[in-house]
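Below: the structure, in structure tokens.
The values are calculated or read from the model by the stated rules, or taken from the named source; none is laboratory data. Because the structure is a prediction, the values reported are computed rather than measured. Virtual Cβ from ideal backbone geometry, glycine too; neighbours counted across all protein chains shown.
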Amino acid sequence: QNLSGQLLEYLEPKTKVSVAWFKIKKPGLKATELQEKMMNIGVYILPGNYFFWSDHEKGEEYIRIALAREPDMFATAVQLMKKVVNE
């Protein structure tokens, strides 16, 4: 939930899972573009287009983040992601 704000919106899970979904609120930023930027700094996320089989373009509004990581590693990744999203 630390990533929620003006540019990303945390989506409450409907079931208990080890991933979190976020809706990208920054105008013009696509999930695949954010994925590429994050990969360049060693943080891996999945764009939502992989999960929207009937409309891949709609999935460009969402990212999925794995939560099953060491707390320190996850905290570092969150800070790096905030920096990239706010660019």
- Query: Is region 28-46 home to any residue that is closer than 19 Å to residue 86 by Cβ, surrounded by fewer than 13 Cβ atoms within 10 Å (Cβ to Cβ) and either in contact (Cβ under 8 Å) with a residue 40 or more places away in the chain or of a type in the set (Lys, Arg) (or both)?
  - Reply: yes
- How many residues does region 20-77 hold that are assigned to a loop (DSSP other than H, G, I, E, B), modelled with pLDDT of 90 or more and of a type in the set (Lys, Arg)? 1
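Which one is modelled with the lowest pLDDT among residues in region 1-19 that are in a loop (DSSP other than H, G, I, E, B) and either hydroxyl-bearing (Ser, Thr, Tyr) or closer than 17 Å to residue 75 by Cβ (or both)?
Here is the first cut: in region 1-19, the residues in a loop (DSSP other than H, G, I, E, B) are 1-7, 12-18.
Next, only the ones that are either hydroxyl-bearing (Ser, Thr, Tyr) or closer than 17 Å to residue 75 by Cβ (or both) stay: 1-5, 15, 18.
Numbers: 1: 53, 2: 60, 3: 65, 4: 62, 5: 64, 15: 68, 18: 85.
By that ranking, first place goes to 1.
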